[in-house]
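Student: A single structure is presented below for examination.
The values are calculated or read from the model by the stated rules, or taken from the named source; none is laboratory data. Just so you know, these numbers come straight off a predicted model, no measurement behind them. No Cβ is skipped: glycine too gets one built from the backbone with ideal geometry, and neighbour counts run over all protein chains shown. These area figures cover heavy atoms from the full protein model, side chains too; ligands, DNA and RNA do not enter into them. Shrake-Rupley method; radii C 1.70, N 1.55, O 1.52, S 1.80 Å.
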Amino acid sequence: MLLLPCVKAYTQLALAQQWCQRVQGSRPLFLACLGFTETALIPGISAAGATPSLRRYTALADGEVLLTGRSCRLPTSPEGYPSPVVISRAILSELGIPCRVFDCGLLEPLPGAEKVPSGGPARCLSTGQALSVEQVRSLWQEGYERGSQLEASYWVVGECVAGGTATALAVLLGLGWQANGMVNSSHPVCNHAQKLALAQRGLANLSPTATAPEVVAAVGDPVQPFIAGLAMAAAQRGPVLLAGGTQMLAVLALMRRWGEEEGIPWPPEHVVVGTTRWVAEDPSGNTVALAELLGNVCLLATQLSFAQSCYSSLQAYERGYVKEGVGAGGLAIASSLYAGWGQAELLAAVERSYEHLLLQAGSSGAIVRPSRSSC
């Protein structure tokens with residue numbers, strides 16, 4: 001169901017329409033939650049970074065772009081295709097949407113970000129000891145406290161964790177959801193077998209009666225409990241858009257289980273998941289079926305297309321590369337709801353953002369500028 005020229009609802013159409021009508025014309029606050037898991041260092045697990053070593057800095061560089069509009073190391077896939085932060089930055093800067101960035105566990109300090117004291121990088125999920133239970137509970141609590149103090153018409157919550165779809169699958173399986181074959185990937189064809197093998201190793205010694213914090217401690221990443229707490233508290237104050245694909249569906253599943261176990265009420269009708277068309281319609285994943293499996297989940301997606309982009313590196317998104325991240329899909333949805341942006345406005349803004357970032361990075365000698373075809 002097409003709700004706006006560039007926004008489509010894939011599940012729970014009535015709820016989607018009500019939620020969009022409630023926030024239409026309002027300016028959101030964007031909350032970017034960044035972290036790291038050593039899962040990202042496994043060869044082939046992710047394309048959110050040109051090499052396993054460079055994936056150490058993917059979230060850090062994306063955060064720099066969000067905060068400053070420049071980075072000497074603009075993240076790319078192994079093929080050289082740009083991070084979706086070019087989409088996020090375009091919308092934030094051109095529409096004046098305020099942004100807060102949370103460091104939930106980066107490997108280096110990020111100037112301008114709000115450091116989450118209990119945060120820290122996670123070990124590989126295959127260890128079954130990615131985080132401590134105490135750390136998970138502290139991350140959730142700190143997220144909840146921040147969410148309780150937020151002031152805005154509504155909130156768009158994004159994430160950046162290289163390897164995050166692998167931790168998402170593992171957490172979903174640990175919570176009892178049969179999600180194998182459903183999550184997405186930054187690769188054009190999802191590496192389901194590799195993800196599943198890692199998840200099974202990490203979950204091998206987990207008790208069938210494990211609590212939500214215990215599941216995340218075994219196989220999760222530091223961003224998941226922080227966003228869960230943040231969104232549960234924010235939802236009690238107003239509408240929340242979880243900006244991401246299957247990673248945010250895993251967070252939503254975590255929110256539900258955590259609320260049930262801890263007796264913490266929050267209004268689920270205030271929370272929707274918003275992503276890109278490249279994720280929602282990815283033939284190598286099954287995002288819509290996963291949303292339907294979880295039940296009563298409102299899944300939205302921007303219909304933004306790069307098919308007519310002047311940049312071949314952006315056109316690659318149409319072939320299944322990169323797809324989503326750093327809140328790109330949710331912010332694109334917000335641009336349509338807030339400013340009435342459609343395809344033309346979105347594409348033009350993203351190309352301007354990309355051009356600017358290429359010039360900034362090129363001036364440092366960090367990257368080679370791709371050619372721009374005639375339009």
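Student: For region 239-248, indicate whether the set of residues that are assigned to a helix (DSSP H, G or I), hydrophobic (A, V, I, L, M, F, W, C) and surrounded by fewer than 19 Cβ atoms within 10 Å (Cβ to Cβ) is non-empty.
Tutor: For region 239-248, residues assigned to a helix (DSSP H, G or I), hydrophobic (A, V, I, L, M, F, W, C) and surrounded by fewer than 19 Cβ atoms within 10 Å (Cβ to Cβ): absent.
Student: Would you point out the residue of region 1-59, among those that are within 20 Å of Pro268 (Cα to Cα) and among the small types (Gly, Ala, Ser), that is farthest from the chain's Cα centre (by Cα)?
Tutor: Ala14
Student: Can you pull out every residue in region 139-174 that is open to solvent by 10 Å² or more (accessible area, probe 1.4 Å) and closer than 15 Å to Ala231 by Cα?
Tutor: The answer is Trp140, Gln141, Glu142, Tyr144, Glu145, Arg146, Ser148, Gln149, Glu151, Ala152, Ser153, Glu159.
Student: For residues that are outside any loop (DSSP other than H, G, I, E, B) and among the hydrophobic types (A, V, I, L, M, F, W, C), scanning just region 161-179, find the one that is nearest to Arg55 (Cα to Cα). Give the steps one after another, and end with the answer.
Tutor: Here is the first cut: in region 161-179, the residues outside any loop (DSSP other than H, G, I, E, B) are 164-174.
From what's left, among the hydrophobic types (A, V, I, L, M, F, W, C): 166, 168-173.
Working: Ala166: 14, Ala168: 17, Leu169: 19, Ala170: 20, Val171: 21, Leu172: 23, Leu173: 25 Å.
So the residue we want is Ala166.
Student: Look through region 36-54, keep the residues that are surrounded by fewer than 24 Cβ atoms within 10 Å (Cβ to Cβ) and touching a residue at least 40 places away in the same chain (Cβ under 8 Å), and return whichever of them is nearest to Ala218 (Cα to Cα).
Tutor: Result: Glu38.
Student: While we're here: Regarding region 77-88, can at least one residue be identified that is on the phi < 0 side of the Ramachandran plot, surrounded by fewer than 21 Cβ atoms within 10 Å (Cβ to Cβ) and among the aromatic types (Phe, Trp, Tyr)?
Tutor: no
Student: Follow-up. Which residue pairs have Cβ atoms closer than 9 Å, lie 6 or more positions apart in sequence or on different chains, and pair a first residue in region 137-151 that is among the acidic types (Asp, Glu) with a second residue that is open to solvent by 50 Å² or more (accessible area, probe 1.4 Å)?
Tutor: Glu142/Pro117; Glu151/Arg237
Student: Within region 100-113, is even one residue at negative phi, in contact (Cβ under 8 Å) with a residue 24 or more places away in the chain and over 19 Å from the mean Cα position of the chain (by Cα)?
Tutor: yes
Student: If you don't mind, another one. I'm checking my understanding of the structure. Among residues of region 218-238 that are crowded, with 24+ Cβ neighbours inside 10 Å and more than 14 Å from the chain's Cα centre (by Cα), which one is nearest to Trp155 (Cα to Cα)?
Tutor: The residue in question is Ala234.
Student: Would you please name the residue that is nearest to Leu203 (Cα to Cα), looking only at residues in region 106-135 that are in contact with a strand residue (DSSP E or B) (Cβ under 7 Å, 6 or more places away or on another chain) and surrounded by fewer than 17 Cβ atoms within 10 Å (Cβ to Cβ)?
Tutor: Checked region 106-135; the qualifying residue nearest to Leu203 (Cα to Cα) is Lys115.
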